[in-house]
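Encoded as structure tokens, the structure appears first; notes follow it.
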Amino acid sequence: MDIKRYVWEKHLTNNKNKRKKYEENALYFSDRSVKTLAYMSLSQIKADVVSKLSEKSNDLYTEFSYPIDRFYKQIDKSDIVSFDIFDTLLFRPVSKPIDMFWFLEIDNHIFDFRRMRVQAELQARKYSGKQNGEINIYDIYERFAIMHDCDAKEMAKAELQLEYKLCFRNEFSYRLYEYAKSKNKKIIAVSDMYLPPAFLRKILRKNGFDIEDIFVSCEAKRNKHNGELQRFVSERFNQAKILHIGDNLKCDIIESKTVGWDTIHIKNVNKLGHQKRAYIDNSFVGSIYSGLVNANIYNGLNKDNKYYRYGYIYGGILTLGFCQWLHKYAISRKIDRIFFLGRDCYIIKEVYDSLYNTENSYVEISRAATFPYVAFTSFDSFVTEAFEPMLDKGISLETALEKVGLCECVDTILSDSSLSAITMLTRIVFDKFRLLLYKNQELIRSNYSERLECFEKYINSFLSESGNICIVDVGWRGTIINHLKNYIEKKNNKLHVYGAMLGMADNDVTQIPSVTKNIESFAFSPNKLGNALFMTGSEFCNTNSRFMAEFMYTSTDKSVLSYKYNDNNDIDIIREERNVSENNRMIRNMHRGIIDFVNSYKLKIQRYFPEITVGEYNAFLPLFEFSKSFDFEELFGDFNESPGTVHGF
């Protein structure tokens, strides 16, 4: 009995479009026996399918794993363990097999290669005259050579070399293989493939699978699709008890059951991932991204928490794209040294240095740490930056002054005023409070004088005598970048400072830095369309969406408040005192996810194709798509922040 036809045509619906949707999402039927399905009612089957279709659209909250102990028992009961090869033992670093041909287009310098390679295979199957249309790779390139002048053997060799370089093992299937090997089971591979068995033996061995008996459709002139290849294998082994492990529901599961084999369904990671990432995997870079993410999230071993998955799925591609862009920007501007601002750029610096084997500076700074300098250079900016973010946050004037390091000035500033220390800092009283601050400018500057000295000594420790500096921040207004640029260039006119950010808000403050390109942005800015196609910088920065980036990029260090001299006349950093252990757990997991994605990309893509670039659209799109369903409380509800914390100011 054809399980799919029975369930989808007889039970579910006669509507072809609906049936197609059910078919794409009903892989779980493979674990049900024919008998079970036959006795399920229509309502039971529909409820089962609908529950699958209504699962959350993102991957953060679902731990995908297999009952490996049950699989081990199935192996114990078998004489022979058979594996499918591609998408079971081996993964490709793309979401669709034909997307591998884009890599060959890079290598072969043949325009539109991917399309022609697909057409050559279709034509070879149609016109080869071989039994069941089972062709090999050399048949394909003989047809390709008719379409495009080339050496067919050399082209076939290039494709084999590409597969050998880029394919990597499925760690879950490797566990099954190792278990079967430990039980002295005979292990074989059975695959519908145009690649020769000798090559498959070689690529499997490279990835840790030592399998001698490999049955391939192109050699046997039979395929799994109609069960003929399975019958051929059964005859070869005198009807031994065979367990087949594979990803294709029809070829590996249904048809194998038809010939009496036991089966284990290792679900196709890219079919599972396509439901979550259909918005991106039609492009080359999107396919690479999806292929790497799907292989990690759906391989059956990923039991990491939602913060790791968040970093891997959304932070990895964004950080990779930003660092690639930053590297090209640094080259174009002839940058001698990059200053990554703490805390938001900690993990960005880690990724950048690992990608390009460079040593750059990590400057531990904060908006609050710049207040002494700003108070001396632009008092109005100081008042705005220091106190406006605390308006209407339930903070008293005394607490507000203490937060900016002016606790010794509270009584003097508030004397001879109707305002008191316990007055709440609100918009209603702010104008009156502002006047008091202006009245006490010299007192405030005097209080800040030693801190200013320490600030300058700390920043000076990073400076050279001349050259170009790039200061990097996540976003969104470039306040600290502008203050540091002003300080450094006034101190030494032989130093020139540029700024680079992940994203720049569209407001009055950012207009001039954007159009003069003193600060440039990767994802969006007032002077760059970029991802404004689907979300403007202001929309991103003025909603909870910005927290998706800021919480992911912060570090486990406590916030910098200011700098002070120690007993050796060196500079110590003063940090806030607050319990952030829960924050640190989240942050470490997000950072681990980011690093794992980037390392996977380096190992599988960058070392072979360093010219591939992740542009701002593909880098930012996953996070943007997630923002549509982002539930702040569900993901970051436990994130502990001090009152009056300002993001991206």
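Only residues that are part of a loop (DSSP other than H, G, I, E, B) and closer than 22 Å to GLU134 by Cβ: list them for the range 186-214, please.
ASP192, MET193, TYR194, LEU195, PRO196, ILE211, GLU212
Within the range 493-510, which residues are touching a Ser or Thr at 6+ places or on another chain (Cβ under 8 Å), modelled with pLDDT under 95 and exposed (fewer than 15 other Cβ atoms within 10 Å of the Cβ)?
ASN507
Tell me, please, whether a residue that is of a type outside the set (A, V, I, L, M, F, W, C), assigned to a helix (DSSP H, G or I), under 19 Å from ASN268 (Cβ atoms) and open to solvent by less than 10 Å² (accessible area, probe 1.4 Å) can be found in the range 291-309.
yes
Considering the range 233-249 alone, what residues qualify as being touching a helix residue (DSSP H, G or I) at 6+ places or on another chain (Cβ under 7 Å) and at pLDDT below 95?
The one that is touching a helix residue (DSSP H, G or I) at 6+ places or on another chain (Cβ under 7 Å) and at pLDDT below 95: LEU249.
Between a first residue in the range 251-262 that is basic (Lys, Arg) and a second residue that is assigned to a helix (DSSP H, G or I) and at pLDDT below 95, which pairs have beta carbons less than 7 Å apart while being 6 or more apart in sequence or on different chains?
none
Give the range 316-340 a look and list any residue that's crowded, with 18+ Cβ neighbours inside 10 Å, over 22 Å from the mean Cα position of the chain (by Cα) and among the aliphatic types (A, V, I, L, M), or say none.
ALA330, ILE335, ILE338, listed by residue number.
Filter the range 422-447 down to the residues that are in contact with a strand residue (DSSP E or B) (Cβ under 9 Å, 6 or more places away or on another chain) and over 24 Å from SER559 (Cβ atoms), then identify the one that is least open to solvent (accessible area, probe 1.4 Å). Even if it seems obvious, please write down each step before you answer.
First, the residues of the range 422-447 that are in contact with a strand residue (DSSP E or B) (Cβ under 9 Å, 6 or more places away or on another chain): 422-425.
After this cut, where a residue has to be over 24 Å from SER559 (Cβ atoms) as well, the list is 422-423.
Working: ILE422: 134, THR423: 31 Å².
Here the residue is THR423.
Tell me whether the range 59-71 contains one or more residues that are closer than 21 Å to THR263 by Cβ, out of contact with any Gly (no Cβ under 7 Å at 6 or more places or on another chain), surrounded by 15 or more Cβ atoms within 10 Å (Cβ to Cβ) and at pLDDT 95 or above.
Within the range 59-71, one or more residues are closer than 21 Å to THR263 by Cβ, out of contact with any Gly (no Cβ under 7 Å at 6 or more places or on another chain), surrounded by 15 or more Cβ atoms within 10 Å (Cβ to Cβ) and at pLDDT 95 or above.
Counting only residues that are crowded, with 21+ Cβ neighbours inside 10 Å and within 37 Å of the chain's Cα centre (by Cα), give me the helices (runs of 4 or more DSSP H) lying completely in the range 342-420 with at least 3 of them.
346-356, 379-387
Which of the residues that make up the range 481-506 are touching a residue at least 12 places away in the same chain (Cβ under 8 Å), within 23 Å of LYS334 (Cβ to Cβ) and assigned to a helix (DSSP H, G or I)?
Correct list: ILE481, ASN482, LEU484, LYS485, ASN486, TYR487, ILE488, LYS491.
Can you tell me which residue in the range 274-290 is modelled with the lowest pLDDT, limited to those that are under 23 Å from ALA549 (Cβ atoms), assigned to a helix (DSSP H, G or I) and open to solvent by less than 10 Å² (accessible area, probe 1.4 Å)?
ARG277
The values are calculated or read from the model by the stated rules, or taken from the named source; none is laboratory data. For clarity, every value in this text was computed on a predicted model and none was experimentally measured. Glycine gets a Cβ as well: all are built from the backbone with ideal geometry, and neighbour counts include every protein chain shown. What goes into the accessible areas is simple: the full protein's heavy atoms, side chains included, and nothing from ligands, DNA or RNA. Shrake-Rupley method; radii C 1.70, N 1.55, O 1.52, S 1.80 Å.
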